[in-house]
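Engineer: Questions regarding the structure given below will be posed in turn.
No value in this document is a laboratory result; all are computed from the given coordinates. Since this is a predicted model, take the numbers as computed values, not measurements. We place every Cβ from the backbone using ideal geometry, glycine too, and count neighbours over all the protein chains shown.
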Ligand code: ARG
C-alpha cells in the first residue's frame with residue numbers, strides 16, 4: 001500500500017485496539033498532514049472523553065502500543081495530545097519504487113458498483129452552449145475516473161429529443177427537404193435551423209396549425225412522422241459527435257438515452273403515482289406536492305408530472321430516468337451532472353421516487369454545474385448579443401493556442417505546431433472547467449485558461465513535455481528509468497511523498513465527485529517537481545546511483561501527470 005495516510009490509519013487503529021480494546025480498533029485516528037511532522041494523529045483528543053482519561057495520557061497509550069518502526073523514524077507527542085509522525089526515508093523510497101512498477105500508480109481498485117452518469121444532454125436542433133460544455137467535460141472526467149477506480153460506469157446522454165417544438169421542426173424539415181443545404185445546417189449551425197422554423201411558426205398561422213398537427217401525429221406514432229423525426233435526430237447526432245470528437249470526450253451513439261427513450265414509461269408512472277396517492281390533479285395538471293417544498297409566501301411548489309394539456313414534462317421524464325436506472329440498470333449510485341439551478345427539481349424527483357418506492361438503496365447525486373459567464377460577468381454571448389456557437393469558441397481556443405505555440409516552438413514545422421495547438425487549446429478549455437469546484441460560477445477567460453503558469457491545462461501539459469525533454473536530452477527512455485529509488489535530499493523526499501498521494505487523490509474524486517481535487521493534486525505535484533528539479537541535478541548527478549534514483553522519480557512524475565490528466569480527459573502533447 002502506497003498511501004501513507006492509509007497505512008498510518010491502520011497502524012494507529014491497531015494500537016487503539018491493543019490499548020483500549022477491540023471496540024476502539026475501528027475509531028478514525030484522524031491522520032492529517034502536519035506542519036511539525038509529516039502527519040499527526042488527532043484521535044487522542046476525541047477519545048479522551050470516551051475513555052475518561054486526559055488526552056495526553058491517551059496519546060501516550062497510543063504511542064506505547066504503536067508498531068510503526070518500519071514506517072516512521074520519529075513518533076512524538078505534542079501539544080494537548082497530538083501524535084506527530086515522521087516517515088522514514090527508506091520507507092518513502094520503497095513505496096515510490098513500487099509505484100514505478102505499478103501501472104495503477106498506487107490507486108486501489110474499488111468494489112465495483114453500477115453507476116449511470118447523466119451528462120452532456122444537449123437538445124436536438126439547438127446549439128450547445130457553455131453550460132452543456134461544462135457538464136460534458138465534468139461528466140466525462142467523472143466517468144473516466146470512476147471507471148479507472150473499477151466501477152461499471154453507464155454513460156447516459158439524456159438529449160432533448162422530444163416535446164412540442166418537434167412538430168414545428170419536422171414541418172420545417174419537410175418544407176426545406178431532407179437533403180437540402182438548409183437541413184444540413186443541423187450539422188453545423190443548429191440554431192439557424194431552429195430559428196428559421198420558429199420564424200415560420202410565429203408568422204404563418206397555417207404552418208403553426210400544421211405543426212400542432214404534427215405533434216399529435218408524432219405522439220400517435222405515425223410512421224412517416226417518426227421517420228422525419230429520426231432524420232432530425234440523425235442530423236443532430238452528427239453535430240453532437242463533431243463537438244464530442246473535437247473535445248475528445250468518450251460519449252458515443254451507444255450512450256444516447258434521450259427523453260424520447262422514456263415515452264412508454266410516462267403514462268404508467270402517472271397512473272402509479274395517482275394510485276399510490278402520491279400525485280393529485282390540481283388545476284387540470286397531475287401534480288406531486290411534497291412536504292417542505294414551498295415557494296414564496298409558503299405556497300407549495302408542485303412537481304408537475306402531467307400538464308393540463310395531457311403532455312408530459314421534465315418531471316415525469318426524470319422520474320422515468322430514476323425508475324429505469326434503478327430497475328433496469330441496477331444502479332447503486334446515479335450521478336446527475338446537471339446545472340445547479342435544477343437542484344430543487346431533482347430533489348423533488350428523488351423525494352417522489354422515494355415515496356413511490358422506486359429508489360430502493362440507490363443513491364442519487366446531483367453534481368451541480370455552476371453558470372459560465374463572460375468577462376463582463378453576464379451570461380456568455382457574442383458581441384452582438386447572440387448566443388455563442390460552441391464550435392466557434394473551441395476554434396478560437398485552438399487559434400489562440402497556436403499563437404502561443406508559434407512563439408514557444410518556432411523550430412517545429414506547421415503540422416507539428418498545429419497538432420500541439422489543438423491539444424493545448426482544447427486542454428485549456430477543459431481544464432478550466434475542471435479546475436474550479438463544479439458548482440461555482442466562473443468567468444470564461446481565454447487569457448487565463450491559456451496561461452503557461454498557474455493551475456492551468458497548458459501549465460501541466462508543459463510540465464509533462466519538459467520532463468520528456470529531459471529524457472530526450474539524456475538519450476533515455478522513461479520506461480527504462482527503473483531506479484532503485486533512494487531518498488536523501490529534502491526536495492526528493494517531498495516529491496516522492498507527493499507521488500504517494502496519487503491514489504488517494506483519485507479515490508477522493510470518486511467519493512466526492514469533485515474533479516478539481518485531482519487538478520489541485522496535479523498542480524501541487526508539478527510544483528514539487530519544479531522544486532526538485534531546481535535543487536537536484538538529474539542528468540548531471542555525479543553519483544550513478546543518485547542519477548538512477550532521480551531519473552526514476554522523474555519518470556514516475558511523468559506517468560502520474562499523464563495518467564492524472566488522462567483521467568480528466570486532457571491529453572499531454574509529447575513536445576510543447
Ligand atoms: N436537455 C436539458 C437542457 O439542455 C438538460 C437535461 C439534463 N438531464 C436530465 N436528466 N434532466 O437543459
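Engineer: Compute the distribution of all C-alpha to C-alpha distances in region 4-87, in bins of 5 Å from 0, and list the percent of pairs in each, rounded to whole numbers.
Structural biologist: 3, 18, 31, 29, 14, 4, 0
Engineer: For the pair residue 192 and residue 384, what calculated FRET efficiency results from E = 1/(1 + (r/R0)^6), where r is the Cβ-Cβ distance and R0 = 22 Å, to the nearest 0.05?
Structural biologist: Rounded to the nearest 0.05, the efficiency is 0.90.
Engineer: Between 0 and 90 degrees, rounded to the nearest ten: what's the tilt of helix 516-535 against the longest Cα principal axis of the chain?
Structural biologist: The angle comes out near 40 degrees.
Engineer: How many nm separate the modelled label positions at residue 54 and residue 234, each set 7 Å beyond the Cα in the direction of the Cβ?
Structural biologist: With each label placed 7 Å out from Cα toward Cβ, I get 8.2 nm.
Engineer: Does anyone have the angle between helix 544-568 and the longest principal axis of the chain? Alpha-carbon axes, 0 to 90°, nearest 10?
Structural biologist: Roughly 20 degrees between the two axes.
Engineer: Now for a separate question. Assuming R0 = 22 Å, can you tell me the calculated FRET efficiency for the pair residue 294 and residue 274, based on Cβ-Cβ distance, to the nearest 0.05?
Structural biologist: E(calc), rounded to 0.05, equals 0.45.
Engineer: Let me ask you something else. Antiparallel DSSP bridges in the chain: what percent, to the nearest 5?
Structural biologist: 55 percent
Engineer: Here is a follow-up. Only counting other Cβ atoms within 10 Å, I'd like 384, 260 sorted with the fewest neighbours first.
Structural biologist: Lowest to highest Cβ neighbour count: 384, 260.
Engineer: Another question, if that's okay. For the chain, take the longest principal axis of its alpha carbons; what is the angle in degrees between that and the long axis of helix 4-20, to the nearest 10 within 0 to 90?
Structural biologist: In the chain, helix 4-20 runs at an angle near 70 degrees to the longest axis.
Engineer: Kirkwood Rh, Cα Rg: Rg to Rh for region 157-240?
Structural biologist: 0.94
Engineer: Okay, next question. Which length gain, in nm to one decimal place, applies between residue 542 and residue 184 when the Cα-Cα distance is subtracted from 0.36 nm times their residue separation?
Structural biologist: 122.4 nm
Engineer: Right, another one. Cα centroids of region 185-225 and region 316-382: how far apart, whole angstrom?
Structural biologist: Going from one Cα centre to the other spans 29 Å.
Engineer: Taking every alpha carbon pair in region 459-550, what does the distance histogram look like in 5 angstrom bins from 0, in percent?
Structural biologist: Reading the bins upward from 0: 3, 13, 20, 23, 20, 11, 7, 3, 1, 0.
Engineer: Quick one: if you stick a label point 7 Å off each Cα along the C-beta vector at residue 5 and residue 222, how many nm between them?
Structural biologist: The two pseudo-label positions are separated by 6.0 nm.
Engineer: Show that you can apply the helix-only estimate: for the chain, add -39,500 (n - 2.57) for every DSSP H stretch of four or more residues, divide by all residues, and state [θ] at 222 nm to the nearest 500.
Structural biologist: Value at 222 nm, helices only, nearest 500: -17500 deg cm²/dmol.
Engineer: Quick check: Cα centre of region 427-498 to Cα centre of region 50-82, how many Å?
Structural biologist: 37 Å
Engineer: What ratio of Cα Rg to 2.2 N^0.38 Å holds for region 390-568? Please list the in-between numbers first.
Structural biologist: Working: Rg = 17.3 Å, N = 179, 2.2 N^0.38 = 15.8 Å.
Normalised Rg, Cα atoms only: 1.09.
Engineer: If you don't mind, another one. Among 409-422, 444-457, how do they line up by average Cβ neighbours within 10 Å per residue, starting with the highest?
Structural biologist: Values: 409-422: 14.4, 444-457: 16.9.
Top to bottom by mean Cβ count within 10 Å: 444-457, 409-422.
Engineer: Restricting things to Cα coordinates, could you compute the convex hull volume per residue of region 295-423 in Å³? Please list the in-between numbers first.
Structural biologist: Working: hull volume 28.9 nm³, N = 129.
Once divided by residue count, the hull of region 295-423 is 224 Å³.
Engineer: Under the classification rounded if a/c is under 1.5, otherwise prolate if a/b is larger than b/c and oblate if not, where does region 129-269 fall, given a ≥ b ≥ c as square roots of the Cα gyration tensor eigenvalues?
Structural biologist: Taking the square roots of the gyration eigenvalues as a ≥ b ≥ c, region 129-269 is prolate.
Engineer: For the chain, with equal point scatterers placed on the C-alpha atoms only and solvent neglected, what are the log10 I(q)/I(0) values from the Debye formula at q = 0.06 1/Å, to two decimals?
Structural biologist: Cα-only, vacuum Debye calculation for the chain: -0.41.
Engineer: Here's a follow-up. Report the per residue volume, in Å³, of the convex hull enclosing the C-alpha atoms of region 38-176. Working shown, then result.
Structural biologist: Numbers: hull volume 31.5 nm³, N = 139.
Residue-normalised Cα hull volume stands at 227 Å³.
Engineer: Now a separate question. Describe numerically, in nm with one decimal, the distance between label points set 7 Å from Cα along Cα→Cβ at residue 343 and at residue 208.
Structural biologist: With each label placed 7 Å out from Cα toward Cβ, I get 3.8 nm.
Engineer: While we're looking at this one, here's another question. Specify the inter-centroid distance of region 88-114 and region 514-537, based on alpha-carbon positions, in whole Å.
Structural biologist: One Cα centre to the other: 18 Å.
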